[in-house]
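Participant: Attaching a single structure in structure tokens format; questions to follow.
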Amino acid sequence: FDVVVGNPPWIKLQWNEGGILSDLDPRLVIRRLSAKAMADERRVTLEEDSALSAYLREFEELVGQKAFLNGVGNFELLKGVQTNLYKAFMLQSALQMNHEGAAGILHQTGIFDDPRGGALRRFFSARLSFVGTFYNQMKLFEDVHNLTTFSMSVFRGSQKPKLSFEVCANLLHPSTLLASILHDGTGLCPVMRDESGAWDLRGHRSRIVSVDLSTLALFAGLYDAPGTPATDARLPVIHSCLLYTSDAAD
């Protein structure tokens, strides 16, 4: 493919027995039972053959999906990290593109801050062009909590000749990103809220932070275990970089 664009499922593959049982008997949620009471009710609910069959089918499906995604032969780079469907989609996006192809994916931020995700970051850092990190305070996703963070990553289908990409964090709305790209770099960089306490959506050139191998080495030294390779470094949230502006010169 030349271009891949998507918002893959943000779903952790983990067993949620309470959710399965409540599908079989909604009263279990309404009554908000304790763990012991839930265990007692489980035996009663699963006495019916149809309920037991549905319960086991859900469990088998989850175990099978986790086994497939954690299989070294299928997704080697996901070994040891929290299984989440968006990570598999991102990997497939990169692997299914031609060398000059590009992908733009909306996803959760775990790929950049999971302490055990070094191999996955190493793969993407060599391909990344841009990472924007958003807070959902403006409810861009209506069914997601307002404090939830998510990222927009743009990456290539092959490794770049030189590792380098740009980051813009603490975004509340895409308009701030566009304004920051077009900004001339003069004046003070806005913070998250203005003087009246309202969210400040103005952009500034210093919000666009350039990252290269030396930058990642600094991040690794500050935030990761000793000896962590620069390419495996976790990506911190940086509001802006220091720029010399005409205002400062005056």
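The values are calculated or read from the model by the stated rules, or taken from the named source; none is laboratory data. Computed from a predicted structure; not experimentally measured. As a convention, Cβ positions derive from the backbone with ideal geometry for all residues, glycine included, and neighbour counts pool all protein chains shown. The protein model used for the area step is the full one, side chains on, heavy atoms only, and it has no ligands, DNA or RNA in it. Shrake-Rupley method; radii C 1.70, N 1.55, O 1.52, S 1.80 Å.
Participant: Does residue 205 satisfy the criteria of being within 19 Å of residue 6 (Cα to Cα) and among the basic types (Lys, Arg)?
Facilitator: Values: within 19 Å of residue 6 (Cα to Cα): no; among the basic types (Lys, Arg): yes.
Taking the combined requirement at face value, the residue does not satisfy it.
Participant: Right, something else. Answer with yes or no whether residue 107 is farther than 19 Å from residue 199 by Cβ and open to solvent by less than 20 Å² (accessible area, probe 1.4 Å).
Facilitator: Values: farther than 19 Å from residue 199 by Cβ: yes; open to solvent by less than 20 Å² (accessible area, probe 1.4 Å): yes.
For residue 107, the condition - farther than 19 Å from residue 199 by Cβ and open to solvent by less than 20 Å² (accessible area, probe 1.4 Å) - is met.
Participant: Of these, 103, 88, 94, which one is in a strand (DSSP E or B), on the phi < 0 side of the Ramachandran plot and not hydroxyl-bearing (Ser, Thr, Tyr)?
Facilitator: Of the residues listed, the single one that is in a strand (DSSP E or B), on the phi < 0 side of the Ramachandran plot and not hydroxyl-bearing (Ser, Thr, Tyr) is 103.
Participant: Which of the residues that make up the stretch 41-52 are part of a helix (DSSP H, G or I) and open to solvent by less than 60 Å² (accessible area, probe 1.4 Å)?
Facilitator: Quick first cut of the stretch 41-52, residues part of a helix (DSSP H, G or I) only: 41-45, 49-52.
Correct list: 41, 45, 51.
Participant: Right, next: Taking the residues in the stretch 13-33 that are open to solvent by 70 Å² or more (accessible area, probe 1.4 Å) and either in contact with an Asp or Glu (Cβ under 6 Å, 6 or more places away or on another chain) or farther than 30 Å from residue 91 by Cβ (or both) as candidates, determine which candidate is modelled with the lowest pLDDT.
Facilitator: If we filter the stretch 13-33 for residues that are open to solvent by 70 Å² or more (accessible area, probe 1.4 Å), which is where we start, we get 14-16, 23, 26-27, 29-32.
Okay, now just the ones that are also either in contact with an Asp or Glu (Cβ under 6 Å, 6 or more places away or on another chain) or farther than 30 Å from residue 91 by Cβ (or both), so 23, 26-27, 29-32.
Values: 23: 74, 26: 73, 27: 69, 29: 65, 30: 69, 31: 69, 32: 69.
Taking the candidates together, the pick is 29.
Participant: Taking into account only those residues within the stretch 149-173 that are without any contact (Cβ under 8 Å) to a residue 40 or more places away in the chain and open to solvent by 20 Å² or more (accessible area, probe 1.4 Å), which is farthest from the chain's Cα centre (by Cα)? Quick ask: steps written out before the conclusion?
Facilitator: Step one: filter the stretch 149-173 for residues without any contact (Cβ under 8 Å) to a residue 40 or more places away in the chain, giving 159-161, 171-173.
Restricting the remaining residues to those that are open to solvent by 20 Å² or more (accessible area, probe 1.4 Å) gives 159-161, 173.
Numbers: 159: 21, 160: 22, 161: 25, 173: 17 Å.
Across the stretch 149-173, the extreme among qualifying residues is 161.
Participant: Name the one entry in 141, 134, 130, 124 that is free of Cβ contacts under 8 Å to residues at least 12 places away in the same chain and open to solvent by less than 50 Å² (accessible area, probe 1.4 Å). Explain how you work it out, then say what you get.
Facilitator: On the way: 134 fails: free of Cβ contacts under 8 Å to residues at least 12 places away in the same chain; 130 fails: free of Cβ contacts under 8 Å to residues at least 12 places away in the same chain; 124 fails: free of Cβ contacts under 8 Å to residues at least 12 places away in the same chain.
Of the residues listed, the single one that is free of Cβ contacts under 8 Å to residues at least 12 places away in the same chain and open to solvent by less than 50 Å² (accessible area, probe 1.4 Å) is 141.
Participant: Would you be able to say whether some residue in the stretch 78-100 is under 20 Å from residue 238 (Cα atoms) and within 14 Å of the chain's Cα centre (by Cα)?
Facilitator: First pass over the stretch 78-100, keeping only residues under 20 Å from residue 238 (Cα atoms): none.
Among the residues of the stretch 78-100, not one is under 20 Å from residue 238 (Cα atoms) and within 14 Å of the chain's Cα centre (by Cα), which makes the answer no.
Participant: Within the stretch 174-187, track down each residue that is small (Gly, Ala, Ser) and either closer than 16 Å to residue 129 by Cβ or open to solvent by 30 Å² or more (accessible area, probe 1.4 Å) (or both). Can you show your working first?
Facilitator: Here is the first cut: in the stretch 174-187, the ones small (Gly, Ala, Ser) are 175, 179-180, 185, 187.
Once the filter is applied, which keeps residues that are small (Gly, Ala, Ser) and either closer than 16 Å to residue 129 by Cβ or open to solvent by 30 Å² or more (accessible area, probe 1.4 Å) (or both), the stretch 174-187 yields 175, 179, 180.
Participant: Right, next: State which residue pairs qualify: first residue over 16 Å from residue 9 (Cα atoms) and open to solvent by 40 Å² or more (accessible area, probe 1.4 Å) and inside the stretch 59-86, second residue of a type in the set (D, E, K, R) and not in a helix (DSSP H, G or I) in any location, beta carbons under 7 Å apart, and separation of 6 or more residues or different chains.
Facilitator: 70/79; 72/79; 80/116
Participant: With respect to residue 194, determine if the residue is farther than 23 Å from residue 113 by Cα, surrounded by fewer than 16 Cβ atoms within 10 Å (Cβ to Cβ) and charged (D, E, K, R). Explain how you work it out, then say what you get.
Facilitator: Numbers: farther than 23 Å from residue 113 by Cα: yes; surrounded by fewer than 16 Cβ atoms within 10 Å (Cβ to Cβ): yes; charged (D, E, K, R): yes.
So residue 194 fits the description; yes.
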